[in-house]
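One structure is given here, and the rest of the page talks about it.
The values are calculated or read from the model by the stated rules, or taken from the named source; none is laboratory data. Just so it is clear, the structure is predicted and the values come from calculations on it, not from any experiment. Positions of Cβ are backbone-derived with ideal geometry, glycine not excepted, and every protein chain shown enters the neighbour counts.
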Amino acid sequence: MFKYSALFVALFAPFAAHAATDEDLRAIRAQIEQLKSNYEQRIQLLEQRLQQAEASSKNAESTAVQARAEVQQASRPAPSSEGAFNPGISLILGGTYGQLRQAPAIPATGFAMSANPGHQQGFNLGESELGISANIDPSYRGVATMALSPAGGVSVENAFVQSSALGHGLNLKFGRFFSGFGYLNEQHAHVWDFVDQPLAYASLWNNQLGEDGVQLKWLVPTEIFIELGGEVGRGRGFPGTDRQKNGAGSGVLFAHVGNDIGIEHSWRAGVSLHQTKRVDAVSDAVPDLLGTVGGVSNSFSGDSRTAGLDLVWKYAPNGNFTETNFKLQGEYFRRKESGLLTYDTAAAKVTDSYAVTQSGWYLQGIYQFMPHWRTGLRYDQLDPGSAQVGALNAANVIGSYGYTPSRSTLMVDYSPTEFSRLRLQVAQDKSRQSLTDNQLFLQYIMSLGAHGAHSF
Amino acid sequence: MQKILYAFLLLFISGNTYAAINIFACEPEWVALAQELAADKADIYSATTALQDAHLIQARPSLIAKARHAQLLVCTGAELEVGWLPLILRESGNPDIVPGRPGNFEAARSVTMLEVPTRLDRGEGDVHAEGNPHIQTSATNFLPIAQALSARLAELDPVNAAFYRSRLQDFTQRWQAAIARWEKQAAPLKGQPIVMQHKAFPYLSAWLGLKEVATLEPKPGMEPSVAHLSKVLEQLQRQPAKMVVRAAYQNPKPSEWIAERAHISAVVLPFSVGGTDGAKDLFGLFDDTIARLLAGLNH
C-alpha cells in the first residue's frame, strides 16, 4: 500500500511544485533552513557526545592499564627477605676421609696442656650443621646453628639474637656465638679453606671459641671501615673453664680496620685481646721430666691473656671474583698464662706457680686459578715457649721443649656450584717432635636450603 | 701525636658533613639513573662495577663502611644481591636502609618480571624466585623505575621535591625520545635468532624482539661444559643463529668457542654503565648495546 502512495506522490509532486506560488516556496525554504540548522545542532551535539565517549573510554583504558600495573605490583612477592614468615633453614652436609700416619690423639709438642681437637681417620661423617634464622620482629634477628655429631647427639653451636635497630652503627648480639676476635674464629667450618683449622687455632682455641654472652660492636662513622667490639661471656670455651659464678668469666676486645685499594684489592686488619680465668683446668697425658709412662694429669688455675693480630687481603682482576681471585691471610696469637699448677693430680699433687707464654701463627694463600677451581697453600707454626716453673715442681714439669711445631698444607678444591665443594688436601705435619705425619684428606661440603651471605 | 689526633677527628667529622642525600647504589646502572634524577643533590657510591658479577660480590669492609652513611640504598632486588647485601645491611648498623624502610629501594619492584620460575629447585641452577633480575637490559624498564625512584627521593628529601619532579620530567622526555630512536635503529634485529652465554638478556630480547634460541650455560650460573657446548653447536647447525651474546663481565671463552665453530659473531654487551668504553652513561649504554648488536648482525 505504502509503495503505491509513494509512487503517486512521486508522479504528481512535480506538477504540484509548478503550481506552487513564490510564497509557498519561501515557506518551504525557511522550513528546510530550519531543519538544516536543527540537524546541524544535533550533529554537533552528537559529535560532542562522541568525543566525550571516546575520551572516557581512553580514560577507562588508562585506568585499566594502571589497575593492571597495580595488580602486578600487588601480586609481586614482598621484597626479598630471609624466607618471609618462614625462617630460613639451611643444612650443611660434610664428610671426610682421612689417612694419617700418626695417632691423632697426640697433641703438638709443648701443648699437652692446650686443646687438641685432632683429626678423624678413615671415612668420617663430618659435623652436619643445621641452621635456622629469621627476623624475629623489626628489631631482632634470631640465628640458631645446631651441630649434629656423627656419633649422635645435637650440640648448640650458635644460638643468638642480633639487633642492629640501635642505629648509629651499633650492633648488639647476645646468646651463644662465635667470638668476633681474629679473622677465622667467626667463620663456620663449611667455609674454611682447608679441611682443618690452623695449628694456632687448634691448640690455642680448640679450633674455635664460642661464648655465651653479649657482644657489642660499633662501626665508627668514618669513610674507611673501622669496627670496635667488645664481649663479655661465661668463659665456657677453651681456654676458659665452665663455671657456676656471678659475673663475667671472659672478656674480648677487638678492632678491625679495612678498605679497598682501587677496585681490585681489598683488605682487613685487626687486633684483638682475650682474657679469661682458668679454674682447675685438668690436662691428661702430659709428659713430665720423670718420664712417667703415658704422662700425668695436671691441673692449672690462673689467668689467661691472649693478644692477636690478623690480616686478610683479597685480589681479583677487575674486582670480578667469578673468574680468578687470590686471598692471602695470616694471623698471630700470643698467650700468656700464669697461676698455680698442680702436678700429677692422681698421685703426687704438688702445687706451685707456673707461667708460660706460647704463640702461634699461620699464613695462607688461596688462589682460584679458573672458575670453580681453587688451590691453597698454608704454613703454620707454634712456639711452646719456656715455662717458669715454681721450685716445688722444677723437677717434675718440663719447662722448655726446645722444639718448634710446624706444618705445611696444600689443598685443591672444586666447587661445581656455590652449594657444593669437593676437596683434596695433603699435609706434612711436624707439630709433634720426631713424629712427622704425612696426611691426606678428601672432603665434601654440601649445603641445602637457605644459603646466607658470606662474610668477607 | 697531635697531628694524628686531628687527622682522626677530621675522619670522624668527614662522615657527617654531607649536605646532599647519601645514596648507596648496588649496580652502576642505578648510579647513572640516580645521577640523572638527583644531579648534584645526591652523593652516590657505586658498590660494584659493570665488570663484576653482581651475584658474586665480596661483602667487603669498604661496603659496610659506605652503607653505614647511606640514607638511600638503590639496588636491583629480586635476590640479585642476596649473596652479599644482607650481610652488609646487618653489619652496617644502619636501620634506615633495611628492607621495608623508605631508604631501601628495589628497582625490580617497579617492573614486570620475566622468567618467574614455576618450579623452585636448586637442581635448576641459580634461579631467582622473583624472576630474572637483569632488568636493566631493557630501556623501557627505566621509565617506571625512574618514576618510583624520583618519588622516593622526594619522600626522603621533601625540600627538593620540586627539583626531583622537574628532573624526572626532563629525563622521561629525553628517555622516551631515545627509546623511539633505539627502536627505530634496532628494527633490523627483530626476530633475529641469538645465543646467550648466561640467561641475562630476557628483557632486552623482549624489548627488541630478539629470538633466544640457545643458552651456553647448561643451567643458570653453571659454567658451560664442553659437552653442553657441543650440544648447542649441534643445535645451531640445524637451527642457525646470528650471534652469541655475553655480558662484559663474563668469561669470553665459551662465546668464542661457539662463535668460531658455528661461524657466527661473538658480541660483548656492556650490560651496565661502564661495561664498555661507549657505555659512559645510561644513554650510552643503549646506544652502544644496539650498535654492537647491529654490528653482530652485519658481521
Of (1) closer than 15 Å to A:Thr409 by Cβ; (2) touching a Lys or Arg at 6+ places or on another chain (Cβ under 7 Å); (3) of a type outside the set (A, V, I, L, M, F, W, C), A:Gly376 satisfies every one except (2)
Name every residue in the stretch A:224-254 that is surrounded by fewer than 18 Cβ atoms within 10 Å (Cβ to Cβ) and not in a loop (DSSP other than H, G, I, E, B), in order of residue number. A:Leu228, A:Gly230, A:Val232, A:Gly251, A:Leu253
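Where residues in the stretch A:435-450 are within 14 Å of chain B (Cβ to nearest Cβ) and part of a strand (DSSP E or B), which of them is farthest from A:Val143 (Cα to Cα)?
Applying the first criterion (within 14 Å of chain B (Cβ to nearest Cβ)) to the stretch A:435-450 yields A:446-450.
Subset that is part of a strand (DSSP E or B): A:446-449.
Values: A:Met446: 20, A:Ser447: 17, A:Leu448: 17, A:Gly449: 15 Å.
Among them, the one singled out is A:Met446.
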Going through (1) surrounded by fewer than 24 Cβ atoms within 10 Å (Cβ to Cβ); (2) within 9 Å of chain A (Cβ to nearest Cβ); (3) not β-branched (Val, Ile, Thr) one by one, B:Ser92 fails only at (1)
Quick check: anything in the stretch B:208-220 within 29 Å of B:Thr49 (Cα to Cα), part of a helix (DSSP H, G or I) and either out of contact with any Pro (no Cβ under 9 Å at 6 or more places or on another chain) or modelled with pLDDT under 90 (or both)? yes
Return a yes/no flag: does the stretch A:208-223 have any residue that is away from every other protein chain (no Cβ under 14 Å), assigned to a helix (DSSP H, G or I) and touching a residue at least 60 places away in the same chain (Cβ under 8 Å). no
One residue is enough: does the stretch A:301-314 have a residue meeting the conditions crowded, with 21+ Cβ neighbours inside 10 Å, touching a strand residue (DSSP E or B) at 6+ places or on another chain (Cβ under 8 Å) and among the acidic types (Asp, Glu)? yes
Residues of the stretch B:248-290 being closer than 16 Å to B:Ala139 by Cβ and in a helix (DSSP H, G or I), in sequence order, are B:Leu282, B:Phe283, B:Gly284, B:Leu285, B:Phe286, B:Asp287, B:Asp288, B:Thr289, B:Ile290
Pairs please, first residue from the stretch A:267-278 and in contact (Cβ under 8 Å) with a residue 24 or more places away in the chain and under 22 Å from A:Gly249 (Cβ atoms), second anywhere and surrounded by fewer than 21 Cβ atoms within 10 Å (Cβ to Cβ) and of a type in the set (Lys, Arg), Cβ atoms under 8 Å, 6+ apart in sequence or on different chains. A:Leu273/A:Arg305; A:His274/A:Arg305; A:Gln275/A:Arg305
Tell me which of these B:Ala154 doesn't satisfy, since it passes every other one: (1) free of Cβ contacts under 8 Å to residues at least 24 places away in the same chain; (2) surrounded by fewer than 18 Cβ atoms within 10 Å (Cβ to Cβ); (3) not polar (S, T, N, Q). (2)
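What about A:Tyr201, is it under 14 Å from A:Tyr332 (Cα atoms) and within 14 Å of chain B (Cβ to nearest Cβ)? Please lay out each step first, then the result.
Working: under 14 Å from A:Tyr332 (Cα atoms): yes; within 14 Å of chain B (Cβ to nearest Cβ): no.
When the stated conditions are applied, A:Tyr201 does not pass them.
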Identify the single condition in (1) more than 15 Å from the chain's Cα centre (by Cα); (2) over 16 Å from B:Lys280 (Cβ atoms); (3) more than 10 Å from chain A (Cβ to nearest Cβ) that B:Arg60 does not satisfy, given that it satisfies every other one. (3)
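Just to be sure, is A:Leu424 closer than 30 Å to A:Leu125 by Cβ and in a loop (DSSP other than H, G, I, E, B)?
Details: closer than 30 Å to A:Leu125 by Cβ: yes; in a loop (DSSP other than H, G, I, E, B): no.
Criteria not met by A:Leu424.
Residues that are over 23 Å from the mean Cα position of the chain (by Cα) and either crowded, with 17+ Cβ neighbours inside 10 Å or not acidic (Asp, Glu) (or both): does the stretch A:443-455 have at least one? Break it down stepwise before answering.
Of all residues in the stretch A:443-455, those over 23 Å from the mean Cα position of the chain (by Cα) come to none.
No, the conditions are met nowhere in the stretch A:443-455.
Taking the stated definitions as given, is B:Leu149 under 30 Å from B:Ala70 (Cβ atoms), in contact with a Ser or Thr (Cβ under 9 Å, 6 or more places away or on another chain) and crowded, with 19+ Cβ neighbours inside 10 Å?
For B:Leu149, the condition - under 30 Å from B:Ala70 (Cβ atoms), in contact with a Ser or Thr (Cβ under 9 Å, 6 or more places away or on another chain) and crowded, with 19+ Cβ neighbours inside 10 Å - is met.
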Single unsatisfied condition, B:Val245 versus (1) closer than 24 Å to B:Leu282 by Cβ; (2) outside any strand (DSSP E or B); (3) β-branched (Val, Ile, Thr): (2)
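Considering every residue within the stretch B:39-47, establish whether at least one is in contact with a helix residue (DSSP H, G or I) (Cβ under 7 Å, 6 or more places away or on another chain), of a type outside the set (Gly, Ala, Ser) and either touching a residue at least 40 places away in the same chain (Cβ under 8 Å) or within 7 Å of chain A (Cβ to nearest Cβ) (or both).
Initial filter on the stretch B:39-47 (in contact with a helix residue (DSSP H, G or I) (Cβ under 7 Å, 6 or more places away or on another chain)): B:39, B:41-42, B:44-47.
Filter once more, keeping what is of a type outside the set (Gly, Ala, Ser): B:41, B:44-45.
Right, trim to either touching a residue at least 40 places away in the same chain (Cβ under 8 Å) or within 7 Å of chain A (Cβ to nearest Cβ) (or both) and you get B:41.
Yes; the residues of the stretch B:39-47 include at least one that is in contact with a helix residue (DSSP H, G or I) (Cβ under 7 Å, 6 or more places away or on another chain), of a type outside the set (Gly, Ala, Ser) and either touching a residue at least 40 places away in the same chain (Cβ under 8 Å) or within 7 Å of chain A (Cβ to nearest Cβ) (or both).
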Selection within the stretch B:95-123 - facing chain A (nearest Cβ under 10 Å) and more than 20 Å from the chain's Cα centre (by Cα): B:Pro95, B:Asp96, B:Val98, B:Gly100, B:Arg101, B:Arg122
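More than 8 Å from chain A (Cβ to nearest Cβ), more than 22 Å from A:Arg141 (Cβ to Cβ) and either assigned to a loop (DSSP other than H, G, I, E, B) or modelled with pLDDT under 95 (or both), is that true of B:Ala32? Let's see the steps before the verdict.
Working: more than 8 Å from chain A (Cβ to nearest Cβ): yes; more than 22 Å from A:Arg141 (Cβ to Cβ): yes; either assigned to a loop (DSSP other than H, G, I, E, B) or modelled with pLDDT under 95 (or both): no.
Spelling it out, it is not the case that B:Ala32 is more than 8 Å from chain A (Cβ to nearest Cβ), more than 22 Å from A:Arg141 (Cβ to Cβ) and either assigned to a loop (DSSP other than H, G, I, E, B) or modelled with pLDDT under 95 (or both).
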The residue that is nearest to the chain's Cα centre (by Cα), considering only those in the stretch A:147-175 that are closer than 27 Å to B:Ile97 by Cα and away from chain B (no Cβ under 14 Å), is A:Asn158
Among A:Lys336, A:Lys314, which is of a type in the set (D, E, K, R), assigned to a strand (DSSP E or B), within 14 Å of another protein chain (Cβ to nearest Cβ) and out of contact with any Gly (no Cβ under 7 Å at 6 or more places or on another chain)? A:Lys314
